[in-house]
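The values are calculated or read from the model by the stated rules, or taken from the named source; none is laboratory data. Given the structure is predicted, the values throughout are model-derived calculations rather than measurements. Methodologically, a virtual Cβ is constructed for each residue, glycine included, from the backbone with ideal geometry; neighbour enumeration extends over all protein chains shown.
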Amino acid sequence: MNKSENEIVESIDADDAEETYTIRVRFTKRKTEGGYSYLAEFPDVETCIAKGGEMTDTWKRAVDIISYWLLNACMEDREKVRLKSMDCLFNSQGSDENVVNSFIRVNLAEYKRKLSKRSIKKSVTIPEWLNEYAERKSVNFSQILQSALIEHLSKN
């Protein structure tokens, strides 16, 4: 039975256990000259912030920056980010309508797969006659190589 492309990508990541992290995030709405902007801060990761003009944009940027940070942290064997006790998730200074405390869940295996969709350029060596013949037939070299690699890897 041949494996699908997704199964091959999953088998590449088979050594990496599904690692899911839940990270605290604080969104702050700030008044600007043109209206409002939003800032996302991570109490457990002081070096990460995300900014955006709309809340949805800021949320997407926050997910991306914390995913990137966690991936690098795991690759560098830094101590994993852990939540503080559930009793003191956020130090609130009273209720502020411009601040929203929430969580972002990051699945690192999924994030790595998202990044792996990027194409890379590879050089291959083929006989000149084969190159000329394939060009006359308008062969898409990249597609043929991808298909051949997927077929070859699915058999192993």
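Checking the stated criteria, residue 45 turns out to be modelled with pLDDT under 85 and out of contact with any Gly (no Cβ under 7 Å at 6 or more places or on another chain). Among the residues of the stretch 105-144, those identified as under 26 Å from the mean Cα position of the chain (by Cα) and among the aliphatic types (A, V, I, L, M) are 106, 108, 109, 115, 120.
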